[in-house]
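J.: Mind looking over this structure? Questions follow.
The values are calculated or read from the model by the stated rules, or taken from the named source; none is laboratory data. Treat the numbers as computed from the prediction; the structure is a model and nothing was measured. So basically every Cβ, Gly included, is an ideal-geometry build from the backbone, and we count neighbours across all protein chains shown. All accessible areas refer to the heavy atoms of the entire protein, side chains included, with ligands and DNA or RNA removed. Shrake-Rupley method; radii C 1.70, N 1.55, O 1.52, S 1.80 Å.
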Amino acid sequence: MYAFGLEPNWLERTYHRVKLPCDNLPSGVRILQLSDFHASSVVPFSLIENSVELGVEAKPDVICLTGDFVTDATPFDEVEYARILRRLSSAAPVFASLGNHDGGRWSASIGGLKDSSVIRSLLRDGNVSLLHNRSEVVRVRDQAIRFAGAADLWSERMDVDLAFADVLPEDPTILLAHNPDTKDLLADRPWNLMLSGHTHGGQVVLPFLGERFVPVRDKRFIAGLKQWNGRQVYVTRGVGSIRGVRVNCRPEVTILDVSS
């Protein structure tokens, strides 16, 4: 059946040019964004690995993973998953933020992971730097770019002051935050571009009815590049899915060419 057998595995690599209002990125930086792997009984490692290979082919300078590495608390092959992630970290620096399924109050409330220890261990084994309420600077062709990460909005673990403790207003700053609604809590903080997932692009998009999976308050931010209060937000459709279904909403491997 198309909605369960074909489209959920039909990866699309998309390209986007993003201009930041700064003078610090003259030669630009290519970012690969992958999100919502949702490893589970309906999202095999083969799909995740295919998305990784499709992304690496684009030769990114930096790789950003924006949460929901699993769907629930079902045990998974951590060795195999880490091997796939190391394919990313062997190609470029990799940063990650956590999603609502990766542990925390919301996840525990639905019988999922109670905390993020399993995912933290996975990321360490995959040589992925977790930006959990913190930031790091990366140099690309003598350009300094700061990547900041906020804890997931629904996890109730977000510490805004800690996340932005080292961020200066003049820094070109790219923020990793799983849920696009996070932007409203960070309106007074210095960031230029926010990378999010969470929505799966609506997952099932029907003619005349629109998106069927919209777990956000601000329905303007379901998929794609959006302007917001002088900044920009990119919401990727993600790789995996819930219940293994997609309609008119292919899984996405996102390439962002960011420059001043």
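J.: Could you order LEU185, LEU193 by accessible surface area, starting with the largest, using a probe radius of 1.4 Å?
T.: Of LEU185, LEU193, the descending order of accessible area is LEU185, LEU193.
J.: Helix 78-89 against the longest principal axis of the chain: what's the angle in degrees, Cα atoms only, rounded to the nearest 10?
T.: Compared with the principal axis, the helix lies near 40 degrees.
J.: Report for the range 1-155 the percent antiparallel among DSSP-assigned beta bridges with both residues inside it, nearest 5.
T.: Bridges in the range 1-155 that DSSP calls antiparallel: roughly 40 percent.
J.: So what J values fall out for the range 118-128 if you push phi through Karplus, 6.51 cos²θ - 1.76 cosθ + 1.60 with θ = phi - 60°, rounded to Hz, Gly and Pro as x?
T.: In residue order, the calculated couplings are 5, 6, 4, 5, 4, 5, 4, 5, x, 6, 9 Hz.
J.: Further, regarding this structure: Just to make sure I understand: if all protein chains stay in place, what is the order of GLU252, GLU80 by accessible area at 1.4 Å, largest first?
T.: Result, largest first: GLU80, GLU252.
J.: If you restrict to DSSP beta bridges whose two residues both lie in the chain, what percentage is antiparallel, to the nearest 5?
T.: Of those bridges, close to 40 percent are antiparallel.
J.: Put ILE63, ILE110 in order of accessible area, largest first, 1.4 Å probe: what do you get?
T.: ILE110, ILE63
J.: Related question: Before rounding to the nearest 500, sum -39500 (n - 2.57) across all DSSP H runs of length at least 4 in the chain and divide by the residue total; then give [θ] at 222 nm in deg cm²/dmol.
T.: Mean residue ellipticity, 222 nm, calculated: -4500 deg cm²/dmol.
J.: At a threshold of 8 angstrom on Cα-Cα distance, excluding pairs fewer than six apart, so keeping six or more, what relative contact order does the range 3-86 reach in percent?
T.: Relative contact order comes out at 36 percent.
J.: Per residue of the range 184-194, in order, report the coupling 6.51 cos²θ - 1.76 cosθ + 1.60 (Karplus, θ = phi - 60°) as ³J(HN,Hα) in whole Hz, putting x for Gly and Pro.
T.: So the Karplus estimates, Gly and Pro as x, are 5, 7, 10, 4, 9, 9, x, 9, 9, 9, 10 Hz.
J.: Continuing with this model, one more query. Counting chymotrypsin sites (Phe, Trp or Tyr not before Pro) as exposed when in a DSSP loop with at most 13 other beta carbons within 10 Å, what is the longest stretch of the chain free of them?
T.: So the longest stretch without any such site is 11-207.
J.: Would you please classify the overall shape of the range 61-172 from the alpha carbon gyration tensor, given that a ≥ b ≥ c denote the square roots of the eigenvalues, rounded means a/c under 1.5, and beyond that prolate means a/b larger than b/c while oblate covers the rest?
T.: Judged from the Cα gyration tensor, the range 61-172 comes out oblate (a/c at least 1.5, b/c at or above a/b).
J.: Okay, moving on. Note the full-extension length gain between PHE208 and VAL79 as 0.36 nm times their separation in residues minus their Cα-Cα distance, in nm to one decimal.
T.: Roughly 42.0 nm would be gained on extension.
J.: I've got another one for you. Search the structure for amide H atoms under 5 Å from the amide H of TRP228, placed 1.01 Å from N in the peptide plane, and list their residues when 5 or more places away or on another chain.
T.: Under 5 Å from the amide H of TRP228: VAL233.
J.: Given a Förster radius of 35 Å and the C-beta distance between ALA3 and GLU49 as r, what FRET efficiency does 1/(1 + (r/R0)^6) yield to the nearest 0.05?
T.: 0.95
J.: Run the paramagnetic zone check for ARG13: 7 angstrom along Cα to Cβ, then residues of the range 225-252 with backbone nitrogen under 16 Å.
T.: 239, 251-252
J.: Follow-up. Give the residue list of trypsin sites (Lys or Arg not before Pro) in the range 135-217 that are DSSP loop and have at most 15 other beta-carbon atoms within 10 angstrom.
T.: Hits after loop and neighbour filter: ARG141, ARG212, ARG217.
J.: Kindly work out what percent of the DSSP beta bridges joining two residues of the range 25-111 are antiparallel, to the nearest 5.
T.: For the range 25-111, the DSSP antiparallel bridge percentage is about 10.
J.: Still on this structure: Is the C-alpha gyration tensor of the chain telling us rounded, prolate or oblate? Criteria: a/c under 1.5 is rounded; beyond that, a/b larger than b/c is prolate, otherwise oblate.
T.: Rounded, because the longest to shortest axis ratio a/c is under 1.5.
J.: Taking the Cα centre of the chain as origin, work out the dipole magnitude from +1 charges on Lys and Arg Cβ and -1 charges on Asp and Glu Cβ, in debye rounded to 20.
T.: 480 debye
J.: Can you pull out the GluC sites (Glu not before Pro) in the range 1-65 that DSSP calls coil and that have at most 15 other Cβ atoms within 10 Å?
T.: GLU57
J.: Turning to a different aspect of this structure: In whole Hz, what ³J(HN,Hα) sequence does the range 13-25 give by Karplus (6.51, -1.76, 1.60; θ = phi - 60°), x for Gly and Pro?
T.: 8, 10, 10, 9, 9, 10, 9, 9, x, 8, 10, 9, 10
J.: Next up: Taking 0.36 nm per residue of sequence separation and subtracting the Cα-Cα distance, how much length would be gained by fully extending the chain between ARG243 and ASN24, in nm to one decimal?
T.: 74.5 nm
J.: How long are the semi-axes of the equivalent ellipsoid of the range 128-260, defined as square roots of 5 times the Cα gyration tensor eigenvalues? Whole Å, largest first.
T.: 27, 16, 14
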